[in-house]
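Input: a single structure, listed below in structure tokens.
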């Protein structure tokens, strides 16, 4: 499957290798191993893939024993894997590198040697147990890999043009027109249901069987829960409570995470490590509250108030409904035809968070829902930096609407109070593109263009 991260790998090979190694960090099952081997196969004369989830103890020990004797290390690896090594034309892939911390620490010496290129893949790479007693090499670059985005989802189905058309209309601020808008909304509903995990997308493209797709997603959810049990250590119980409550938290009108739903005595200081574990595992996308819509949203972030989104909306949907797949399949079919009365708000907002995270945005929202005065109560789903930075108007408020009937009272009050700080506001909705009264109304499928 065609992935955009491939271009980043090419750029690294051309500009930064062998002076640095590249680590692809991402949640389980987002396609890290696949894209790493595809890259090695296409761009190098030979490669050695060391899967540390399966490699014998003797191979793992080599990286500690021969860090100072690289000729011996390379000889033994070449012999074991039966691959001839070519200076500047061979790539080593350290797959699931978190399972062999000493191999990751050895990157400093391997890069300094300069003969070969080194690509690492991993999940949970920053979790304490996986970095304990090692020095993280400064020669390691790190990029994040997310589930397939909407355009990659289209590519998987053989459609190379629809997203280009969407970008053209986004740039020109012109409507898509009834037929193209309907086509794009149909694809968006498919993407919402299937999600972006490559195995689920592959099953959908191959069979169009939503029951089988749901089975793939449920196996991934089970895998994530097993990871929490195995690797979250003393935070496992609290981490599982957070993970299991994502659906109920997002189904509320005010979607910020309410610890009181877990326990009446719960406090953020007791749960912050559990949130951090899920964030580092890239199982969730965290959106923090910003108290002021000024440039440098991090400066005004209130990290104790947050919203938690699932990394993939297809997974959220499978977690939301009955474990009986026949029921889930019926729900999916109704969603495809947009004729099911459910809380689509949580699904659509999660989908937008997924799109923005895949575009490398740090996520922030604004909320003053607890204000004493009614006129000061407002909530804005997302705050994004403007496309260009000036003395004023540096923050774009983005509101997400999942139904055809809606108001934007909060957005109006927000614009009135903070107009000097704000760029033109955006409402992401199910309708076509339109510009009215200084507000740009965009179809949800244009969110990646932001």
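Read the figures in this text as sums done on the coordinates, not as results from a lab. Note that the coordinates shown come from a computational prediction; the quantities given were computed from them, not determined experimentally. Methodologically, a virtual Cβ is constructed for each residue, glycine included, from the backbone with ideal geometry; neighbour enumeration extends over all protein chains shown.
Some notes on this structure:
- log10 of Debye I(q)/I(0), alpha-carbon scatterers only, for the chain at 0.08 Å⁻¹: -0.51
- Candidates 17, 53, 357, ranked by Gaussian network fluctuation over the chain, Cα under 10 Å, top entry: 53
- With the alpha-carbon atoms of the stretch 5-145 aligned to their principal axes, the span from lowest to highest coordinate is 35, 33, 26 Å, starting with the largest.
- Ordered by the count of other Cβ atoms within 10 Å of each Cβ, fewest first, 412, 133 give 133, 412.
- Spin-label pair residue 304-residue 67: with each label point 7 Å from Cα along the Cα-Cβ axis, the two points sit 4.1 nm from one another.
- Each part reduced to its alpha carbon centroid, the stretch 57-129 and the stretch 375-430 end up 48 Å apart.
- Antiparallel beta bridges, as assigned by DSSP with both residues in the stretch 42-145, represent about 0 percent of the total such bridges.
- Calculated over the stretch 120-219: convex hull of Cα atoms, volume per residue (Å³): 156 Å³
- Length gained when the stretch residue 142-residue 83 is fully extended (0.36 nm per residue, less Cα-Cα span): 18.6 nm
- 0 to 90° range, to nearest 10: angle between helix 32-43 axis and the chain longest Cα axis: 60 degrees
- Rounded to 10°, Cα long-axis angle of helix 409-418 versus longest principal axis of the chain: 80 degrees
- For the chain, built as a Gaussian network whose Cα springs stay under 10 Å, the top-fluctuating residue of 113, 399, 437: 437
- Site pair residue 34 and residue 157 shows an inter-label distance of 1.7 nm when each label is modelled 7 Å from Cα along Cα→Cβ.
- Structure-based [θ]222 nm, the chain - -39500 (n - 2.57) summed over DSSP H runs of at least 4, per residue, nearest 500: -13000 deg cm²/dmol
- Size of the stretch 339-450: Rg and Dmax of its alpha carbons, in Å, are 14.0, 46.
- With neighbours defined as other Cβ atoms within 10 Å of a residue's Cβ, the residues 349, 265 order from fewest to most as 265, 349.
- Residue of 394, 362, 407 that the Gaussian network model of the chain assigns the largest fluctuation, springs spanning Cα pairs under 10 Å: 407
- Listed by Cβ neighbour count within 10 Å, with the fewest neighbours leading, 409, 121 appear as 409, 121.
- Centroid-to-centroid separation of the stretch 433-450 and the stretch 266-324 [C-alpha atoms, Å]: 25 Å
- Relative to the longest principal axis of the Cα atoms of the chain, the long axis of helix 268-280 lies at roughly 60 degrees.
- Sorting the segments 269-277, 145-153 by their residues' average number of neighbouring beta-carbon atoms within 10 angstrom, most packed first, yields 145-153, 269-277.
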